[in-house]
Amino acid sequence: MSDLRDLYQEVIVDHGRRPRNFGPLPTASHHAEGFNPLCGDRLTLHLQVVDGVIAAARFEGAGCAISTASASLMTEALPGRRVDEADALFAAFHSMLTGPDPVPPAGLGKLEVLAGVREFPTRIKCATLAWHTLQAALHGAGGPVKTE
Ligand code: ZN
């Protein structure tokens, strides 16, 4: 298990230092801003949604290694998923960090590297910030998204 933890840690550090999908998205159809006052993490999420499918996801902002790695991994995981699939992924991710079962739900793939954050309650909001921002982008004040 410790080898696995080291590997997970490496992935988090890598994505924290060299975030993927970082920058503006001129073709974006959805935006939202997120702020985690506990840590000072800020991010702006840009999504391109076409016919109810997330075609592209990018983000900007500044935050700690956990929030940056989480946003980076999320934007890798989203493209190609329907909005309802992204909602299900959010639910699974949230359950992994805050649910009673320490075994992560199925289907999270690489996002499982963040499972260890559940042991650090003050950092959970760092890891979930990007995902709450995703919910705001998809379902927030910009108007409901048509999933089909
Ligand atoms: Zn943070």
Response to the item:
Only unsatisfied item for residue 83, checking (1) under 19 Å from residue 112 (Cα atoms); (2) over 10 Å from the mean Cα position of the chain (by Cα), is (1)
Worksheet item: Which residues, taken from the range 48-63, are open to solvent by 30 Å² or more (accessible area, probe 1.4 Å) and more than 15 Å from residue 123 (Cβ to Cβ)?
Response: 48, 50, 51, 53, 55, 58, 60, 61, 62
Response to the item:
Over the range 93-107, the set of residues crowded, with 18+ Cβ neighbours inside 10 Å and over 25 Å from residue 37 (Cβ atoms) is 104
Worksheet entry | Close pairs (8 angstrom Cβ cut-off, 6 or more residues apart or separate chains): over 17 Å from residue 136 (Cα atoms) in the range 38-53, away from the ligand (no atom under 16 Å from the Cβ) anywhere | 50/29
Item to complete: State all residues of the range 43-68 that are under 13 Å from the mean Cα position of the chain (by Cα) and among the charged types (D, E, K, R); if no residue qualifies, say none.
Response: 58, 60
Practice prompt. Restrict the check to the range 87-103 and report whether at least one residue is more than 16 Å from residue 8 (Cα to Cα), hydrophobic (A, V, I, L, M, F, W, C) and in contact (Cβ under 8 Å) with a residue 24 or more places away in the chain.
Written response: yes
Fill in: Subset of the range 64-84 [open to solvent by 40 Å² or more (accessible area, probe 1.4 Å) and either without any contact (Cβ under 8 Å) to a residue 40 or more places away in the chain or touching an Asp or Glu at 6+ places or on another chain (Cβ under 7 Å) (or both)]
79, 80, 81
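The values are calculated or read from the model by the stated rules, or taken from the named source; none is laboratory data. Values in this document were obtained by computation on a predicted structure and should not be read as measured data. All Cβ positions, even for glycine, are placed from backbone atoms using ideal geometry, and neighbour counts span all protein chains on display. Just the protein is used for accessible areas: all its heavy atoms, side chains included, with ligands, DNA and RNA removed. Shrake-Rupley method; radii C 1.70, N 1.55, O 1.52, S 1.80 Å.
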